[in-house]
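To keep things clear, I will list the structure first and then write my remarks on it.
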Amino acid sequence: MNETEVVKKIQAGDMNAFEEIFEIYKNQAIRYAYLITNNKFTSEDIVQETFVKCYLKIKDLKNVEQFKSWLFKILTRTAWDYMKKDKAVLPVEDIFEKAKNENIDKSLHSYIRNEESKMLRAEIDNLELKQKTVIVLYYFNGFTIKEIAKIMGCFEGTVKSRLHSARKNLKVALMNVNSAQSNSKKGCEVQCN
């Protein structure tokens, strides 16, 4: 059964179909919410609230072929609402906690890649919320610019502009971090000698 048929069954009140659509999108939705909030528990709450809203409003969806964009629009708005409530900085889960079950003898290359990834993730977290949302939707969830425009309720040109600004801001921030790190290494070499 394809997604369109499942959505039509949900609109008719079929709870089994709703469970099926939940299973299809729950992991992608949780990953997206986590990338916006940096908090596992908050992202789970956001996804749960999103699917409740989805179920309550599913009969309002006119074009069932656009279910995914519609769902992610609700998810985005819900995540933004949570972020407005939680103005405080949310902690990022410790990567080493996740690595407990993995092989402890990581290669140097893997370690460097993880450090670069953490640095990039930290800079993405520092972006303005709408720029961060565009980056997460585009690079981490694989949405097209057209889909992102529908999700965020704006024009495609606005999405392109936010994406461009976010990339530019990330480039500057990462160059500043690298410059600061190299200056700190030089300072240590001078002091250590």
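Taking every C-alpha pair closer than 8 Å and separated by at least 6 residues, the mean separation divided by the residue count of the stretch 114-181 gives a relative contact order of 37 percent.
About its Cα centre, what dipole magnitude does the stretch 114-181 give when the only charges are +1 on Lys and Arg Cβ and -1 on Asp and Glu Cβ, stated in debye to the nearest 20? Could you put the intermediate results ahead of the total?
Details: 11 positive and 7 negative charges, 48 e Å.
Charge dipole of the stretch 114-181: 240 debye, to the nearest 20.
Residue-wise HN-Hα couplings along the stretch 73-83, as the Karplus relation 6.51 cos²θ - 1.76 cosθ + 1.60 with θ = phi - 60° gives them from phi, are 5, 4, 4, 4, 4, 5, 5, 4, 4, 5, 5 Hz; Gly and Pro carry x.
For the listed residue pairs K26/K118; K8/K73; K59/K146; K26/K160; K8/K130, the alpha carbons are over 30 angstrom apart in K8/K130. Under unit Cβ charges (Lys, Arg +1; Asp, Glu -1), what dipole magnitude, rounded to 20 debye, does the stretch 1-65 have relative to its Cα centre? Computed charge dipole of the stretch 1-65: roughly 180 debye. Please compute, over every Cα-Cα pair in the stretch 114-181, the percentage with a separation greater than 21 angstrom. Roughly 25 percent, rounded to a whole number. Count Lys and Arg as plus one, Asp and Glu as minus one, and take only other residues whose Cβ is under 11 Å from that of A149; the net charge is then +3.
When each of the peptides 74-83, 4-13 is scored by the mean number of other C-beta atoms lying within 10 Å of its residues, the order from highest to lowest reads 74-83, 4-13.
Values quoted throughout were computed directly from the atomic coordinates according to the rules given, and no laboratory measurement underlies them. Bear in mind that the values here come from a model prediction, so they are computed numbers and not experimental data. Reconstructed Cβ throughout: ideal geometry from the backbone, glycine too, with neighbour counts over all protein chains shown.
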